[in-house]
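Okay, so here's the structure we're looking at.
The values are calculated or read from the model by the stated rules, or taken from the named source; none is laboratory data. As the structure is a computational prediction, the values presented were derived from the model and not from experiment. Heavy atoms of the whole protein, side chains included, go into the accessibility calculation; ligands, DNA and RNA do not. Shrake-Rupley method; radii C 1.70, N 1.55, O 1.52, S 1.80 Å.
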Amino acid sequence: GVGPSDASPDEGVVEDLPLIDEKAVEQLAEGLISHYLPDLQRSKSALQELTQNQVVLLETLEQEIAKFKECNSIVDINALFSEAKHYHNKLVNIRNEMMMLHEKTSKLKVSGINI
């Protein structure tokens with residue numbers, strides 16, 4: 001048969017609850033909301049301000065990053081100019097050497113020595 005242990009734990013609970021007064025529930029809900037709502041609204045405005053500050057901070061950081069990238073570009077350009085100057089000097093030296101060799105060979109030819 002069906003013993004006391006087979007009965008559902010929820011059985012009879014609904015009948016035990018007193019009738020719910022809807023007005024009381026409404027008043028309790030309003031009281032609860034009025035208690036927590038100001039804090040929640042303050043938290044909301046604080047979060048909005050924080051979010052706005054974060055946006056400003058991110059924009060500032062992006063500008064600073066752009067400045068650093070620009071500085072790196074300038075350093076790269078300076079290095080490129082230094083390298084160009086170095087190679088220009090090498091070319092000038094090679095040209096001078098070639099002119100000197102040309103002069104020597106011309107003198108040798110004038111002297112009658114064939115090269």
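General observations
- Flag if K85 is modelled with pLDDT of 90 or more and under 28 Å from the mean Cα position of the chain (by Cα): no
- Test result for G112, modelled with pLDDT of 90 or more and among the small types (G, A, S): no
- Filter result for L37 (open to solvent by 80 Å² or more (accessible area, probe 1.4 Å) and either within 49 Å of the chain's Cα centre (by Cα) or at pLDDT 90 or above (or both)): no
- Note on the range 95-114: residues that are open to solvent by 90 Å² or more (accessible area, probe 1.4 Å) and assigned to a helix (DSSP H, G or I) amount to 12.
- Selection of the range 9-27 for residues being open to solvent by less than 100 Å² (accessible area, probe 1.4 Å) and modelled with pLDDT under 60 yields G12, V13.
- Any chance E30 is open to solvent by 100 Å² or more (accessible area, probe 1.4 Å), over 29 Å from the mean Cα position of the chain (by Cα) and at pLDDT 90 or above: yes
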